[in-house]
Amino acid sequence: MRVAVGRDADIVTARQLGRELAAKAGFVGSDLTLIATAISEVARNIVSYADHGEIRLGLAERNGLRGLLVVAEDHGPGIIDIDQAMQDGFSTGKSLGLGLPGARRLMDEFEIASEPGKGTTVTMRKWCR
């Protein structure tokens, strides 16, 4: 499932679709909220820093566990220093600098790849226990 992200309303759409897919995967309660929040954070970064991109949502399976896969991709300016960007409180914009590190804490797996001038891809997974 793909959600084009370019404005605030798209963040809400990605969040809702992610929550619905997570529920189908078997997530309940607070896990649904954690997943929706992580999706919101990476989608907000696309709108704020890259202008447009997309969120891809899918089911994942590994060693008998079911989960949710979230891939946020943009072709924006990229991140010069990923280590710095992953520190709480660091922001190149006017935010609190909690988006990427917060999303990392909310999900079970978090990977980020970025190249200045080419864009950023964040891949996250949450496993249903």
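Screening Gly99 with (1) under 26 Å from Cys128 (Cβ atoms); (2) surrounded by fewer than 19 Cβ atoms within 10 Å (Cβ to Cβ); (3) not hydrophobic (A, V, I, L, M, F, W, C) gives one miss only, at (2).
For residues that are part of a loop (DSSP other than H, G, I, E, B) and without any contact (Cβ under 8 Å) to a residue 40 or more places away in the chain, scanning just segment 75-86, find the one that is nearest to Met124 (Cα to Cα). Quick ask: steps written out before the conclusion?
Restricting attention to segment 75-86, the residues satisfying the condition of being part of a loop (DSSP other than H, G, I, E, B) are 75-81, 86.
Retained after the next criterion (residues that are without any contact (Cβ under 8 Å) to a residue 40 or more places away in the chain): 80-81, 86.
Numbers: Ile80: 20, Asp81: 19, Met86: 14 Å.
Checked segment 75-86; the qualifying residue nearest to Met124 (Cα to Cα) is Met86.
Total residues in segment 43-74 satisfying the condition of being touching a strand residue (DSSP E or B) at 6+ places or on another chain (Cβ under 9 Å) and either assigned to a strand (DSSP E or B) or surrounded by fewer than 16 Cβ atoms within 10 Å (Cβ to Cβ) (or both): the figure is 22.
Among the residues making up segment 1-42, those that are touching a strand residue (DSSP E or B) at 6+ places or on another chain (Cβ under 9 Å), within 17 Å of Gly67 (Cβ to Cβ) and not in a helix (DSSP H, G or I) are Met1, Gly26, Phe27. Can you tell me which residues in segment 100-129 are part of a strand (DSSP E or B) and farther than 16 Å from Ser48 by Cβ? Listed by number, the residues that qualify are Glu109, Phe110, Glu111, Ala113, Glu115, Thr121, Thr123, Met124, Arg125, Lys126, Trp127. Taken over segment 61-73, the criterion of being within 15 Å of Ser40 (Cα to Cα) and acidic (Asp, Glu) is satisfied by Glu73 alone. Checked against (1) within 13 Å of the chain's Cα centre (by Cα); (2) farther than 23 Å from Arg2 by Cα, Ile39 passes all but a single condition, namely (2). Among residues of segment 1-29 that are in contact (Cβ under 8 Å) with a residue 40 or more places away in the chain, those with a Cβ under 8 angstrom from a residue that is assigned to a loop (DSSP other than H, G, I, E, B) and of a type in the set (D, E, K, R), sequence gap 6+ or separate chain, pair up as Gly6/Asp51.
Each reported figure results from applying straightforward, stated rules to the coordinates on display, with no laboratory input. Because the structure is predicted, anything quoted here is derived from the model rather than measured. With ideal geometry, Cβ positions are generated from the backbone for all residues, glycine too; neighbour counts draw on all protein chains shown.
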